[in-house]
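A.B. asks: Sharing a structure, written as structure tokens. Questions coming.
The values are calculated or read from the model by the stated rules, or taken from the named source; none is laboratory data. Just so you know, these numbers come straight off a predicted model, no measurement behind them. Neighbour counts are summed over all protein chains in view; Cβ atoms, including those assigned to glycine, are modelled from backbone coordinates with ideal geometry.
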Amino acid sequence: MRLLLPTTTTLPLFDVAASRRIEARALAHSPDLMERAGLAVAKLALALRRGAGPVWVVCGPGNNGGDGHVAARRLREVGVDVHVGHEAPQHPALVIDALLGLGLNRAPSAELCVTMAAMQTCGAPILAVDLPSGLLGDTGQAAGERAVRADHTLTLLTLKPGLFTGEGRAHTGRIWFDDLGIAADDEPTAELLGPAARLERSATSHKGSHGQVLVVGGAPGMQGAARLAARAALACGAGRVYVDLLGLSGDEGADAGRPELMRGSLAELPQAVGVIGCGAGPAMAAALPGLLRELPRIVIDADALNAIAAEPALQDLLRARPVGTTLLTPHPLEAARLLGRDTASIQADRLAAGSDLAQRLNCTVVLKGSGSVIATPGERPAICASGGPALATAGSGDVLAGWLGGLWAQQPQAGAHAIACAGVDAHGRAGEVAGALRAGDLIEHLAAQA
Ligand SMILES: NC(=O)C1=CN([C@@H]2O[C@H](COP(=O)(O)OP(=O)(O)OC[C@H]3O[C@@H](n4cnc5c(N)ncnc54)[C@H](OP(=O)(O)O)[C@@H]3O)[C@@H](O)[C@H]2O)[C@@H](O)CC1
Ligand SMILES: Nc1ncnc2c1ncn2[C@@H]1O[C@H](COP(=O)(O)OP(=O)(O)O)[C@@H](O)[C@H]1O
């Protein structure tokens, strides 16, 4: 058993169907899986309980409840006061939520919701077994109106995607993992991202060795977005970074606070990595056909995504580009516009939505938000567990787009999927701070950890 995050390696994720197959095969040679699961829960419960009160074990009708009963027995064997039932005891030291796990298949009844509410308000920390009750393992969404918000989740046998994306992170608390001694012998549904290798710089490299980035965006009033992206590309280590500010004429500098940044345009820089759309406004639409036809590698964000959503001819241009050369970074609303759906339906199944969009537009897609999803046609999707609410601030997406462009400029052979995985994970880790974070400071955090 181990605490899972931050993970130092990429890990396989298995949806409910794959987890069931692994479980069924494992049971054939290891019929004591539930004993192992219950013992793991009991051990963690001993470490987590707070105070001298009873451990309240809430068991449901299936095997999740079975794990809870084994844990209760194991705890009693070592002299712990245990209360099994749906009513809270006085001053519990810990709640073990073994109500519903992988078998959740409908909205919990009103009666179960009352039990969940009692768990939530009894004042003790909650340890969820396998999944917080009411949370769907595939999507990280509640099946009904309520799902348990645990302080700890001990997930068993496999890691499920819903623990890490959608609403998952708000319900799991700290995630622990015990594979119960079983090697997962199935095709992973997705990957949980680990950190990418550091970029090495040769002792004899020069600025031409590290590529060039062209940021196109920054309509009047929104030039900060383009400048944040450009600053991020520069901080990432791109050799030269240029900005084409759509609202700026004359020979004003690209960014008075960053004299390293230069003005430039597609005509002068046809081989640059494009980072397009940050703060671009409606002027972006006219610039897009040329950019989509010419630039060999492009990161597309914000208003460029909105322009593409509104214009089928631009979608055709995207589809005509080779897979691996285009990286879209929509947040859920932008993804909804691109798919002609609403945000709620995107969030209802983020893995499926990201994969659907990638397939339709023949691109790599980073569906942003808690548990960003990275999807590319022909690649296994990835989920990023790093990051947190400090990133929920204007400009943090612009920083991501610029950082991705900076990474790509330095790794011209890499495909969009690899760049997305490396950049999204780094961005998330840099944003893991308590409290609030300004997007400009996020760039410094990224540079410090690179
Ligand atoms: N087998 C093993 O050795 C191992 C098992 N493990 C453990 O088993 C867990 C999976 O067990 P499980 O398949 O029995 O499902 P579980 O989540 O307990 O649900 C039970 C039943 O509840 C029902 N139900 C569904 N939704 C409902 C709702 N909203 N409100 C009310 N009822 C609802 C539905 O039955 P239905 O009523 O539809 O017939 C469902 O089948 C897994 O998460 C892990 O903890 C692991 O430790 C590995 C070793
Ligand atoms: N609660 C959160 N947990 C993890 N990442 C988050 C969270 N909120 C925002 N982010 C990340 O912050 C970035 C916000 O991007 P975006 O919505 O485009 O903002 P903006 O357009 O203002 O720059 C995305 O990378 C997103 O994944």
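A.B. asks: For the range 373-387, which residues satisfy the criterion of being in contact (Cβ under 8 Å) with a residue 60 or more places away in the chain, in a loop (DSSP other than H, G, I, E, B) and either under 8 Å from the mean Cα position of the chain (by Cα) or in the same structural domain as G162 (by TED's automatic domain parsing) (or both)?
C.D. replies: C384, A385, S386
A.B. asks: Oh, and also: Pairs only if they're at least six apart or on different chains, beta carbon under 9 angstrom, first in the range 406-432 and under 13 Å from V323 (Cα atoms), second assigned to a loop (DSSP other than H, G, I, E, B) and among the β-branched types (V, I, T); list them, first residue then second.
C.D. replies: As it stands, the answer is G415/V323; G415/T325; G415/T376; A416/V323; A416/T325; A416/T376; H417/V323; H417/T376, since those pairs meet every condition given.
A.B. asks: Just to be sure before I move on: is P108 more than 30 Å from the chain's Cα centre (by Cα) and in a loop (DSSP other than H, G, I, E, B) in the structure I sent?
C.D. replies: Answer is no for this residue.
A.B. asks: Give the residue, chosen from G423, G406, G395, that is on the phi > 0 side of the Ramachandran plot, of a type outside the set (S, T, N, Q), touching a helix residue (DSSP H, G or I) at 6+ places or on another chain (Cβ under 8 Å) and surrounded by 16 or more Cβ atoms within 10 Å (Cβ to Cβ).
C.D. replies: One residue alone meets the criteria, G395.
A.B. asks: All but one of (1) exposed (fewer than 15 other Cβ atoms within 10 Å of the Cβ); (2) more than 12 Å from ligand 1 (Cβ to nearest atom); (3) part of a loop (DSSP other than H, G, I, E, B) hold for A47, so report the exception by its number.
C.D. replies: Unmet for A47, out of (1) exposed (fewer than 15 other Cβ atoms within 10 Å of the Cβ); (2) more than 12 Å from ligand 1 (Cβ to nearest atom); (3) part of a loop (DSSP other than H, G, I, E, B): (3).
A.B. asks: Name the residue that is surrounded by the fewest Cβ atoms within 10 Å (Cβ to Cβ), counting only residues in the range 78-100 that are of a type in the set (G, A, S) and in contact (Cβ under 8 Å) with a residue 40 or more places away in the chain.
C.D. replies: By that ranking, first place goes to A93.
The rows are residues; the columns are (1) out of contact with any Asp or Glu (no Cβ under 9 Å at 6 or more places or on another chain); (2) of a type in the set (D, E, K, R).
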{"site": "G38", "(1), (2)": "no, no"}
{"site": "R76", "(1), (2)": "yes, yes"}
{"site": "N105", "(1), (2)": "yes, no"}
{"site": "T121", "(1), (2)": "yes, no"}
{"site": "I126", "(1), (2)": "no, no"}
{"site": "A142", "(1), (2)": "no, no"}
{"site": "A147", "(1), (2)": "no, no"}
{"site": "H152", "(1), (2)": "yes, no"}
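A.B. asks: Within the set of pairs 6 or more residues apart or between chains, which connect a residue that is within 27 Å of A72 (Cβ to Cβ) inside the range 12-39 to a residue that is more than 12 Å from ligand 1 (Cβ to nearest atom) and among the β-branched types (V, I, T) with Cβ atoms less than 7 Å apart?
C.D. replies: Pairs found: none.
A.B. asks: Restricting attention to the range 433-444, which residues are surrounded by fewer than 17 Cβ atoms within 10 Å (Cβ to Cβ) and not in a helix (DSSP H, G or I)? Don't jump to the end; show me each part of the working.
C.D. replies: From the range 433-444, those surrounded by fewer than 17 Cβ atoms within 10 Å (Cβ to Cβ) are 433-436, 438, 440-441, 444; that's our starting set.
Within the range 433-444, V433, A434, G435, A436, R438 meet the criteria.
A.B. asks: Sort through I300, I276 and tell me the only one that's β-branched (V, I, T) and more than 30 Å from G140 (Cα to Cα).
C.D. replies: I276
A.B. asks: What about A71, is it surrounded by fewer than 19 Cβ atoms within 10 Å (Cβ to Cβ), more than 9 Å from ligand 1 (Cβ to nearest atom) and either of a type in the set (G, A, S) or assigned to a helix (DSSP H, G or I) (or both)?
C.D. replies: no
A.B. asks: Restricting the range 50-65 to residues that are assigned to a loop (DSSP other than H, G, I, E, B) and over 14 Å from P132 (Cα atoms), which is farthest from ligand 1 (Cβ to nearest atom)? First the steps, then the outcome.
C.D. replies: Of the range 50-65, the ones assigned to a loop (DSSP other than H, G, I, E, B) are 50-54, 60-62.
Next, only the ones that are over 14 Å from P132 (Cα atoms) stay: 50-54, 61-62.
Numbers: R50: 23, G51: 26, A52: 28, G53: 24, P54: 22, P61: 5, G62: 2 Å.
Taking the candidates together, the pick is A52.
A.B. asks: Residues of the range 295-342 being of a type in the set (D, E), buried (at least 18 other Cβ atoms within 10 Å of the Cβ) and free of Cβ contacts under 8 Å to residues at least 60 places away in the same chain, which ones?
C.D. replies: Result: E334, single match.
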